[in-house]
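Structure first, then comments.
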Amino acid sequence: MAGSLLGLAACGGSRQIATTNSKGLKDQFRNAFLIGTALDSLQVAAPEKETESLIGLQFNAITAENGMKAEHIHPQWGRFDFNWSDRFIDYGQTREMYIVGHTLIWHSQLPDFVRSIQSPDSLQQFIQQHINTIVSRYAGKVDSWDVVNEALNEDGSYRQSIFFEKLGAAYITDAFKLAAAAAPDAALYYNDYNIEQPRKRAGALRLIEEARKEGARIDGVGIQGHWHSGKVPFEAIEQSIREFAAAGLKVAITELDLNLLPAPPKLSGAEISQRFAADPALNPYPTGLPEAQQQQLAADYERLFRLFVKYRQQITRISFWGVNDRQSWLNNWPVPGRTNYPLLFDRENQPKPAYFKVRAIEVN
Ligand code: G3I
């Protein structure tokens, strides 16, 4: 295949990914970092033709948006359903893409049987079986795992999830050790939202230091990147990249999108359990994005990517949370049925002004 090789040894994975010489973002940033997208269930099971060509042109990394979460892949005790995830892996391998497994241990989207587990021993057994089975199945195929997702509160303390309540912070160490044993070559990440904010960032650094002290391998931190256009915390992001790098961690921006809609007054972070009723005042652009907001989005994305390029030695991957605005989860969260515009491609897969700003950035 024509193309250059991205040196990915620093990601903790041993596999190298070939890229083609077409002219998408993946080529633009070839010497800096991978450019990824999240794929929803339908995009793999019943691909849309135009979206499919856009993915092939623009991205060289994919993350499973929902299909590898426990409720889908491990619906009952001891029973796994690899129907979708096998197709997802096959999708990535066929196209020689970097494959991200999302996510092994998360308090959300758990199957009912896990929520009803009473004893710490049984929960420990679930974690072991879950990680051993899934990570071994895809060893050498999944390049990077989001091993533990969203284990922290906004103040940096441990979230009172079922895992923490029954097992304490030891579940985090165990999860990373199990993943490392099952896939020694995969890069292992801790992933969270708002993790660039000072208190949560400090909590993440503590969490990682403690797990490492107990012998866990943690290669990097996933800064999810669910930000709001016009309010992107650039300074906190830069400071976080520096601090994570100083702690010997790689950084990936794992779920990038920039929300353009008003936040309900009581919303906090990207906690998925928060839901609010539909209200026209919260859906101001149902027929199109006004020029001022379009330009704000473009300016935010441009500044973000300039920052990412500056830290390209530390950053392994920038992944968008979806391919186009039509597919974005932000049309349905935290208010259902809104019209949001958070990505670089519009509802018809056309590049937006933000795309051209990002595309124009030089990478030496
Ligand atoms: O599959 C059902 C479908 O059968 C049903 O008709 C439909 C009706 O609402 O719901 C569908 O399930 C939805 C699922 O996405 C697939 O679209 C769920 O309701 C919905 O809650 C779920 O949302 C996902 C969310 O995680 C759930 O926790 C989003 O798509 C997904 O983008 C989001 O991703 C998370 C990351 O994993 C972790 N970081 C935050 C990020 C955003 O919340």
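Taking the square root of 5 times each eigenvalue of the Cα gyration tensor, what semi-axes in Å does the equivalent ellipsoid of the stretch 246-360 have, largest first?
On the way: eigenvalues 135, 70, 27 Å².
Each semi-axis is the square root of five times an eigenvalue, giving 26, 19, 12 Å.
Taking each pair of distinct Cα atoms in the chain once, what is the resulting Kirkwood hydrodynamic radius in Å?
On the way: mean 1/r = 0.0484 Å⁻¹.
Result for the chain, one decimal place: 20.7 Å.
Taking just the C-alpha trace of the stretch 186-291, give me its Rg and Dmax in Å.
Calculated on Cα positions, Rg and Dmax stand at 16.6, 53 Å.
Report the net charge of residues surrounding S319, where surrounding means a beta-carbon distance below 13 angstrom and charges are Lys +1, Arg +1, Asp -1, Glu -1. Could you put the intermediate results ahead of the total?
On the way: positive: K26, R317; negative: E65, D143, D146, E255, D257.
With Lys, Arg at +1 and Asp, Glu at -1, the net is -3.
When the Kirkwood radius is taken over all Cα pairs of the stretch 68-163, what Stokes-Einstein diffusion coefficient follows at 20 °C and 1.002 mPa s, in µm²/s? Show your work: numbers first, answer last.
On the way: Rh = 14.3 Å.
So the translational diffusion coefficient is about 150 µm²/s.
Out of all DSSP beta bridges with both ends in the chain, state the antiparallel percent to the nearest 5.
Working: 5 of 40 bridges.
Bridges in the chain that DSSP calls antiparallel: roughly 10 percent.
Filter the DSSP H helices in the chain by two things, a Kyte-Doolittle mean of at least -0.5 and an axial alpha-carbon span of 24 angstrom or more, and list the hits by number. Don't skip to the answer; put the middle values down first.
Values: long enough: 120-137 (25 Å, -0.46); 291-310 (28 Å, -0.60).
Membrane-span-like by this criterion, though nothing is claimed about a membrane: 120-137.
Do any of K141/K310; K166/K200; K23/K250; K213/K310; K23/K49 go past 24 Å between their Cα atoms, and which? It would help to have the intermediate numbers written out before the result.
Working: K141/K310 30 Å; K166/K200 22 Å; K23/K250 26 Å; K213/K310 31 Å; K23/K49 19 Å.
With Cα atoms farther than 24 Å apart: K141/K310; K23/K250; K213/K310.
Quote the charge dipole size of the chain about the Cα centre in Debye, to the nearest 20; the model charges only the Cβ of Lys and Arg (+1) and of Asp and Glu (-1).
Numbers: 38 positive and 41 negative charges, 110 e Å.
It comes to approximately 520 debye.
Under the 0.36 nm per residue contour assumption, what length would be gained going from the current alpha-carbon distance of R206 and Q76 to full extension? If you can, show how the numbers build up before the last one.
Details: separation 130, 0.36 × 130 = 46.80 nm, distance 3.36 nm.
Roughly 43.4 nm would be gained on extension.
What dipole magnitude, in Debye to the nearest 20, does the stretch 53-204 give about its Cα centre under +1 on Lys/Arg Cβ and -1 on Asp/Glu Cβ? Kindly include the intermediate steps, with their values, before the conclusion.
Working: 13 positive and 18 negative charges, 24 e Å.
It works out to roughly 120 debye.
Which value results for Rg/Rh of the stretch 34-109 when Rg is the Cα radius of gyration and Rh the Kirkwood radius based on the inverse mean 1/r?
Values: Rg = 12.7 Å, Rh = 12.8 Å.
Across the stretch 34-109, the Cα-based Rg/Rh ratio is 0.99.
If you plug each phi of the stretch 68-79 into the Karplus form 6.51 cos²θ - 1.76 cosθ + 1.60 with θ = phi - 60°, what whole-Hz ³J(HN,Hα) values come out, in order, with x for Gly and Pro?
Residue by residue, the stretch 68-79 yields 9, 6, 3, 5, 8, 8, 9, x, 9, 3, x, 10 Hz.
Which value, in Å² and to the nearest 10, is the accessible area of H72 when all protein chains are kept and the probe is 1.4 Å?
Only protein atoms counted, so the area is about 80 Å².
Along the charge dipole of the chain, Cβ charges K/R +1 and D/E -1, which of F113, I62, P280 sits furthest on the positive end?
I62
Starting from the exponent 0.38 and prefactor 2.2 Å, build the expected Rg for the stretch 116-245 from its residue count and divide its actual Cα Rg by it. Mind dumping the intermediate values first?
Numbers: Rg = 15.2 Å, N = 130, 2.2 N^0.38 = 14.0 Å.
Scaled against compact globular proteins, the figure is 1.09.
Counting Lys +1, Arg +1, Asp -1, Glu -1, what net charge surrounds W227 among other residues with beta carbon under 11 Å of its beta carbon? All intermediate terms of the calculation are to be shown ahead of the outcome.
Details: positive: K231; negative: E196, E255, D257, D300.
Neighbourhood net charge equals -3.
Can you tell which of G156, G92, G337 shows the greatest fluctuation in a Gaussian network model of the chain with Cα springs below 10 Å?
With Cα springs under 10 Å in the chain, the top fluctuation among G156, G92, G337 is at G337.
Would you mind computing the Rg to Rh ratio of the stretch 246-294 from its alpha-carbon coordinates, Kirkwood style for Rh?
Working: Rg = 15.6 Å, Rh = 14.1 Å.
Taking Rh as the inverse mean 1/r over Cα pairs, Rg/Rh reads 1.11.
Just subtract the alpha-carbon distance of H228 and R115 from 0.36 nm times their residue separation and send over the number in nm, one decimal.
Values: separation 113, 0.36 × 113 = 40.68 nm, distance 3.22 nm.
Here the answer is 37.5 nm.
Which net charge results for the neighbourhood of S108, defined as the other residues with beta-carbon distances under 14 angstrom from its beta-carbon, given Lys and Arg at +1 and Asp and Glu at -1? Don't jump to the answer; show the numbers that get you there.
Values: positive: K69, R115, R159, R275; negative: E65, E71, D112, D146, E150, D192, E255, E271.
It works out to a net charge of -4.
The values are calculated or read from the model by the stated rules, or taken from the named source; none is laboratory data. Note that the coordinates shown come from a computational prediction; the quantities given were computed from them, not determined experimentally. Every residue, glycine as well, gets a Cβ built from its backbone with ideal geometry; the counts of neighbours run over all protein chains shown. SASA here: full protein model, heavy atoms, side chains in, ligands and nucleic acids out. Shrake-Rupley method; radii C 1.70, N 1.55, O 1.52, S 1.80 Å.
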